Amino acid sequence: MLDRIGAGGMAEIFRAKTFGAAGFEKEFAVKLILPSLVDDDEFVEMFINEAKIAVKLYHANIVQVFDLGEIETQYYIAMEYVHGKDLLDVLARCAEMDIHIPLHIVLFVTMEMLKGLDFAHRARDPYGEDLNIIHRDISPSNILISYAGDVKVGDFGVAKAAHQRQLTESGTLKGKVGYMSPEQVMGEVIDARSDIFSAGIVFFEAISMSRLFAGGADLDVMMRVRDANIESRLDAAGPLPTGIQDIVRRALSRHREERYQTAGEFYQGLVDFLSLIHI
C-alpha cells in the first residue's frame with residue numbers, strides 16, 4: 001500500500017504495488033471497506049456485489065476489477081489503477097483557472113463514457129442472460145481520465161443487476177442527488193435510461209462549466225431534477241451549437257420514453273453532430 005487516493009461513503013481507495021520476479025512491479029488501486037462499516041452486513045454485501053458485477057465488465061472504457069479478497073475480516077477489491085484525474089477534478093481545475101474545456105475534448109470524453117456505459121447495459125452472463133446492469137451513480141467523480149487519454153467509467157458500487165438481492169428498501173435513493181434522473185428521485189423503478197439522463201447532466205456541465213441542478217438542501221435539488229426544466233439553464237450557458245442543444249434536450253427529457261433509449265443511441269447522436277461540423 002503506497003498512499004490513499006480517495007474516499008467515499010462506504011470505502012477508501014489506496015494506490016498499491018505488487019512485486020514479482022526480476023524486479024517486476026505493477027500498480028493497482030485497492031478499495032477497502034471503511035473500518036466503521038466492516039460490521040455492517042448491508043454495506044459489506046454491497047461491497048462484495050460491486051466486485052461481482054464489475055469483474056464481468058471487461059471493456060476499455062470501464063475500470064477493470066481483478067480480485068476480491070479478505071484480510072482479517074476486512075474485504076478489499078483490487079482493480080486497475082488509472083494514472084490521471086477524474087472529471088470532477090478536471091472541471092474544478094478549469095473553474096479555478098477560468099477556462100472552458102474545448103468542445104472536441106468534451107465530446108471525446110462523453111463518447112468514451114457512453115461506450116463504457118453501453119457495454120455495461122448490454123452485458124450478459126455466460127448463459128446469454130441479460131445482467132440488466134444500471135450504474136445508478138454516473139457523475140463527474142466516477143469518470144476517470146488517464147494522462148494517456150483513456151476515459152473509464154468507475155465505481156459500480158451502487159449498481160444493481162437483476163440477479164442481485166435487493167439491498168435497500170424500495171424507493172431508497174442511491175447516488176448523488178444532483179446527478180439522478182427524475183424517476184430515480186421519485187423512487188420509481190429505474191432502467192438504463194436513468195443512466196442516460198445522468199450522462200446528459202455530465203455532458204451539459206462539462207460544456208457549460210456550470211452545475212445543472214444546483215440548490216441548497218437536497219430536497220430543493222430533487223425538486224429541480226424531478227421537473228427537469230433545463231431551458232433556463234441552456235440559455236444561461238451561453239451560445240451553444242444548435243445541434244448540441246438538441247442533444248442535451250433529448251438526453252435530459254423528463255420522460256424516459258423521449259430520451260435516447262440506449263447509451264449507444266446517445267453516442268450515435270454525437271457522431272451525427274460531429275459529421276456536420278468542423279471543430
Task: Largest to smallest principal axis extent of the C-alpha atoms in the chain, angstrom - done: 55, 45, 42
Open item on the list: Can you classify region 94-143 as rounded, prolate or oblate using the Cα gyration tensor, where a ≥ b ≥ c are the square roots of its eigenvalues, rounded means a/c under 1.5, and otherwise it's prolate if a/b beats b/c and oblate if not?
Closed with: prolate
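Per the helix-only calculation at 222 nm, which mean residue ellipticity applies to the chain, given -39500 (n - 2.57) for every DSSP H run of n ≥ 4 and division by its residues, nearest 500 deg cm²/dmol? All intermediate terms of the calculation are to be shown ahead of the outcome.
On the way: 9 runs with 105 residues, N = 279.
Computed mean residue ellipticity for the chain: -11500 deg cm²/dmol.
Tell me, what is the percent relative contact order of region 15-159, built from C-alpha pairs under 8 Å that lie six or more residues apart? Numbers along the way, then the final one.
On the way: 212 pairs, mean separation 37.3, N = 145.
So the answer I get is 26 percent.
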Open item on the list: Only Cα pairs within less than 10 Å get springs; with that Gaussian network setup on the chain, which residue of Val63, Val189, Val151 has the largest fluctuation?
Closed with: Val189
Open item on the list: Give me the percent of accessible area attributable to carbon and sulfur for the chain, probe 1.4 angstrom.
Closed with: 53
Task: Surface accessible to a 1.4 Å probe, His255 within the full protein complex, Å² - done: 90
Open item on the list: If you count only protein heavy atoms with a 1.4 Å probe, what accessible area per residue comes out for the chain, rounded to a whole Å²?
Closed with: 50
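Placing unit charges on C-beta atoms (Lys and Arg positive, Asp and Glu negative, everything else neutral), compute the dipole magnitude of region 32-165 about its Cα centre in debye, rounded to 20.
Working: 11 positive and 22 negative charges, 122 e Å.
It works out to roughly 580 debye.
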Task: List Ser210, Ser139, ordered by accessible area with a 1.4 Å probe, largest first - done: Ser210, Ser139
TODO: Please list, or write none, the lysines whose alpha carbon is within less than 25 Å of the alpha carbon of Lys176, excluding same-chain residues fewer than 8 places away.
DONE: Lys31, Lys52, Lys56, Lys85, Lys115, Lys152, Lys160
Task: Per-residue ³J(HN,Hα) for region 18-35, Karplus 6.51 cos²θ - 1.76 cosθ + 1.60, θ = phi - 60°, Hz, x for Gly and Pro - done: 10, 10, x, 5, 6, x, 5, 9, 8, 9, 9, 9, 10, 9, 10, 5, 4, x
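If you place +1 on the Cβ of every Lys and Arg, -1 on the Cβ of every Asp and Glu, and leave all else neutral, what size is the dipole of region 93-152 about its Cα centre, to the nearest 20 Debye? Don't jump to the answer; show the numbers that get you there.
Numbers: 6 positive and 9 negative charges, 10 e Å.
Approximately 40 debye in magnitude.
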Task: Angle between the chain longest axis and helix 103-121 axis [Cα atoms, degrees, rounded to 10] - done: 60
Open item on the list: Taking the Cα centre as origin and putting +1 on Lys and Arg beta-carbons and -1 on Asp and Glu beta-carbons, what dipole magnitude results for the chain, to the nearest 20 debye?
Closed with: 520
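The values are calculated or read from the model by the stated rules, or taken from the named source; none is laboratory data. Nothing here was measured: the structure is a model prediction, and the numbers come from that model. In this analysis, Cβ positions are derived from the backbone assuming ideal geometry, glycine residues included, and neighbour counts consider all displayed protein chains. With ligands, DNA and RNA removed, areas are computed over all heavy atoms of the protein, side chains included. Shrake-Rupley method; radii C 1.70, N 1.55, O 1.52, S 1.80 Å.
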